1. So the check is Cβ under 7 Å with 6+ separation or different chains; which pairs have a first residue in the range 47-71 that's outside any loop (DSSP other than H, G, I, E, B) and a second one that's of a type in the set (Gly, Ala, Ser) and at pLDDT 95 or above?
2. Give the residues of the range 55-73 that are small (Gly, Ala, Ser) and loosely packed, with under 11 Cβ neighbours inside 10 Å, sorted by residue number.
3. For the range 33-46, name all the residues that are surrounded by fewer than 18 Cβ atoms within 10 Å (Cβ to Cβ) and either without any contact (Cβ under 8 Å) to a residue 24 or more places away in the chain or not in a helix (DSSP H, G or I) (or both).
4. Which ones in the range 1-32 are in contact with a helix residue (DSSP H, G or I) (Cβ under 7 Å, 6 or more places away or on another chain), outside any helix (DSSP H, G or I) and under 13 Å from Gly73 (Cβ atoms)?
5. Of all the residues that make up the range 19-28, how many are surrounded by 15 or more Cβ atoms within 10 Å (Cβ to Cβ) and within 12 Å of the chain's Cα centre (by Cα)?
6. When you look at Ala14, is it in contact with a Pro (Cβ under 7 Å, 6 or more places away or on another chain) and surrounded by 15 or more Cβ atoms within 10 Å (Cβ to Cβ), yes or no?
7. For the range 49-73, what are the residues that are in contact with a Ser or Thr (Cβ under 9 Å, 6 or more places away or on another chain) and either under 14 Å from Ile13 (Cβ atoms) or aromatic (Phe, Trp, Tyr) (or both)?
Amino acid sequence: MSDEIARKVIEIIAEQALLKPEEVTLDSSPEDLGLDSLGLVEIVFAIEETFDVSVPFNANDPTASDFDISSVGKIVDAVRALAGERA
């Protein structure tokens, strides 16, 4: 299941970054991918809808959030944790 979560998260991020999923690595940061704050908000909304979770993300101050967006891998880990809480 976790590989499926990673695949879906990468697809969501790639779509917002206008990239192919294979161009997005777990080490990529939002800045590396050219994502701005609006793109991050769109990613959070898509994650919430796709995984039926509530993401604790503060769009006004992303660094103050419990949802780590520093890299794609951190986002995947956070989604795994949220999905695990729901299951």
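The values are calculated or read from the model by the stated rules, or taken from the named source; none is laboratory data. Quick caveat, the model's predicted, so the values are computed rather than measured. Here the Cβ positions follow ideal geometry from the backbone for every residue, glycine too, while neighbour counts run over all protein chains shown.
1. Matching pairs, first to second residue: none at all.
2. Within the range 55-73, Ala64 is the sole residue that qualifies.
3. Scanning the range 33-46 gives Gly34, Asp36, Leu38, Gly39, Val41, Phe45.
4. Val24, Thr25, Leu26, Asp27, Ser28, Pro30
5. 2
6. So Ala14 fits the description; yes.
7. Val55, Phe57, Ile69, Ser70, Ser71, Val72, Gly73 - these are the residues of the range 49-73 that are in contact with a Ser or Thr (Cβ under 9 Å, 6 or more places away or on another chain) and either under 14 Å from Ile13 (Cβ atoms) or aromatic (Phe, Trp, Tyr) (or both).
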